[in-house]
Amino acid sequence: MARKQESRRGSMPLTELLVARESRAMASFGVRDLDTMLRFAPRRYVVPAPLRSLRELSPGQEVSAIVRVESLRDRAMKRRFGFILEVTVTDGTDTLPLTFFLTKPHLLDWHRGRLPVGAQILVRGTVGFDEYRGGLQITHPDYEPVEDTEAGRAHAQRPRPVYPLKKNISQVTMRSATEKGVEFADSLSRPVPDAILARQGLVPLAEAARLVHTPLTTEDTHRGLDHLRFEEAFVLQSIFARRRAQDERTPAPALRAEGPLQQLFEARLPFTLTDGQLGIGAEIETRIGRDHPTSVLLQGDVGSGKTVIALRAMLRAVDSGHQAALLAPTEVLAEQHHRTLTELLGELARGGQLDGHPEATRVRLLTGSQRTAGRRETLLDVTSGQAGIVVGTHALLTEGVEFASLGLVVIDEQHRFGVDHRRRLRAKGPAGMSPHVVVMTATPIPRTAALATVGDLDVLTLRESPGRRSGMETFVVHEKLPAWEKRMWQRAGEEIAAGRQVFVVCARIDEDDAVSDAPAPTLLDEDGAEKTPPLEPARGVTQTAQRLAARPELAGARIGVLHGRMSAEEKQETMAAVVRGEIDLLVSTTVIEVGVDVPNATVMIVLDAERFGVSQLHQLRGRVGRGEHPGIAFLDTSAAVGEEHSQRLEEIAQAPDGFALAELDLRRRGAGDLVGEEQSGLQRTLKHLNVLRDADVIERAREDAFALIAADPELTAHPALDAAITNRLRDADPDVERS
């Protein structure tokens, strides 16, 4: 009963604790109960200036002083409406006027009420010089009641929390609200067991809340925030531990067969697999050979050979009497994968056909835009099991798609899919079993970020490249330097003249659209505030294609366009024309961001590159230099040389691979964007953790969380942790679904 009462107090609505102004301020940040408010940490702290006596002051100083109010005088302003309030204060060594310029009578009354003659106050502000009267003054200082005692002086020097603000919300309101909440800190829900806190050397939650919101020293803030960081990591790792435990209890088809398709496929490969491909392939085979579902994240740079590894695993599923599905985020990519798999497999992909191998299976493509007859034929093969491998988009997730025996799911560019997508594919396993899942990404995630964002997946990293690519270089082109831009188009023209192809990518389809431009990635200052410089309007595919047709450097080039408003047939035909070499220069949106494989393409030009994310730019430049000729990528920007956006692009251009870019992105922006915009997952709600700074915290929390879940999988003895997990999943994914 006491536990239930405590839980109710912790989840108490702030409308019952705070005045209307304070509860509205907190609600604007989505903070509506006590538990959430006392975990809503300040953005930073301000350490007050040293206490000084009034006779030591000089203009320009930031000062703190304990003084007594000696007199007050107000008068109307002469040149505009309002009042001037002058409050004379003294500390026994000298006197000093505090000056307030007030526009409304009620503000005058409010300050007078708080500053009666004889009141002892702490004053903080910047010393100025009053030229009219010829003396020092402090204009609009902060002040609060204080006692001139040792405790009062310690209070005067305490760090002051600085909270995020929105329009019409003041720091005074935010501080007042949290200080009231601290009085009830003993009633907060406590998801981390006391024994773990003691072992980790962390203060209890109630004390941590007081140290975070009402610290006396800078060291207090560190001790308080240490608790919140560990708690967040612990709850997160408990979620991952629970998911792993659930996998251990869920049956899955054991994919253990050794052939014949795998051996036949490897015998027809025109190249030798690298040691990395063989090693990671063996690890995946071990995992999918178990009788409970595995969840693997296969990460490797663009062109590192992940698709071949995935295909070998899919063939193992077929050899074991089951099916494999490859899920791609776009129709262009799904069609590319289907073409790649059928080309790699050759006669092994033509099951039931006269020219097929006796051991062949069928590789089917399923997309939302397929015509009825083709879709019906594909669904029949999928349902009957004739199609051992099915490649598709979100269409694979619909209720009408029933697999005969789905044993393995491969998800390409996993950051483009949400939690619910994976859940729906998991539900398509045979006879109550769950298929194994391998998710792939060409945007590598540093280890600490992976633990904090996809900690329920086994991360396998493919670092070496097969060496079949000719490589590429990346350059930043500043349009404010016309000679650079001209040379960029000349270089594109030279490649076209040599028989090769060029991609040009734009941030929008049409410049005449009423929709806003693609937003630039947010840049933050040291306090976490946005500092993104203004940008020129983004260019569109339609107008860019027209302009390029008139450029002398590109005279005679066959120019095509590709964007999301084209029909599926139009997009498919355009890409086919590119592959056949009938288009020299393709102007496109980011529909070609992933998966497009045109070995003859050697130049990638990204216009308005400052509007694209790190992973997008890396994916785009990975579309060229995939054949025998080296590639070159130009990141074209309207930003001035040395500007924030320009510096960011230069860093991207100089990064040698996706692993270096991932570290760069992590340093700049944290883990938030590493696994994608559409991923409705836990990583988008990190509040206190910084995955670079807090790597050790995450490791320690993971060890404790996995041990606790192993001992108490249902959390029968830990209801507060169980509730915290539910709340965290609800924050990250309103459906509270397992990934």
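Values quoted throughout were computed directly from the atomic coordinates according to the rules given, and no laboratory measurement underlies them. Quick caveat, the model's predicted, so the values are computed rather than measured. Every residue, glycine as well, gets a Cβ built from its backbone with ideal geometry; the counts of neighbours run over all protein chains shown.
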_With unit charges on the beta carbons (Lys and Arg positive, Asp and Glu negative) and the dipole taken about the Cα centre of the chain, which residue among 638, 154, 89 sits farthest to the positive side?_
89
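Below 10 angstrom from the Cβ of residue 604, what's the summed charge of the other residues (Lys, Arg +1; Asp, Glu -1)?
On the way: positive: 621, 623; negative: none.
In short, +2.
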*State the Cα centre-to-centre distance between region 357-382 and region 21-80 in whole Å.*
68 Å
*So what are the three principal axis dimensions of region 54-158 from its Cα atoms, in whole Å, longest to shortest?*
44, 28, 22
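Among DSSP beta bridges lying fully in region 472-654, give the percent that are antiparallel, nearest 5. Intermediate results must be reported in sequence, preceding the final value.
On the way: 1 of 26 bridges.
Bridges in region 472-654 are about 5 percent antiparallel.
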*What residue among 566, 264, 288 has its Cα farthest toward the positive end of the dipole of the chain, where the charges are +1 on Lys, Arg and -1 on Asp, Glu, each on the Cβ?*
566
_Label-point gap, in nm, between residue 117 and residue 155 - each point 7 angstrom along Cα→Cβ_ = 2.5 nm
*Considering only DSSP beta bridges whose two residues both sit in region 298-462, what percent are antiparallel, to the nearest 5?*
5 percent
_Farthest toward positive dipole pole in the chain [+1 Lys/Arg, -1 Asp/Glu at C-beta], among 478, 338, 163_ = 163
*May I ask what percent, to the nearest 5, of DSSP beta bridges between residues of the chain are antiparallel?*
40 percent
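Only helical DSSP H runs with n ≥ 4 go in: add -39500 (n - 2.57) per run for the chain, normalise by residue count and round the 222 nm mean residue ellipticity to 500 deg cm²/dmol. Please report the intermediate quantities before stating the final value.
Details: 24 runs with 276 residues, N = 739.
For the chain, the value works out to -11500 deg cm²/dmol.
Relative contact order for the chain: what percent, with Cα pairs under 8 Å and sequence separation of 6 or more?
Working: 1422 pairs, mean separation 94.5, N = 739.
RCO, the chain: 13 percent.
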*Among all the aspartates and glutamates, which ones have a C-alpha under 19 Å from residue 571's C-alpha, if same-chain residues fewer than 8 places away are not counted?*
331, 335, 510, 582, 584, 593, 597
_Give me, ordered by chain and number, the residues 5 or more places off residue 44 or on other chains with an amide H under 5 Å from its own placed amide H._
162
*What size of dipole, in debye to the nearest 20, comes out for the chain about its Cα centre when the only charges are +1 on Lys and Arg C-beta atoms and -1 on Asp and Glu C-beta atoms?*
1260 debye
*Which whole-number percent is the relative contact order of region 38-117 (Cα, under 8 Å, 6+ apart)?*
24 percent
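On a full-extension model of 0.36 nm per residue, what is the gain between residue 354 and residue 194, subtracting their alpha-carbon distance, rounded to one decimal in nm?
Details: separation 160, 0.36 × 160 = 57.60 nm, distance 6.97 nm.
Extra length from residue 354 to residue 194 when fully extended: 50.6 nm.
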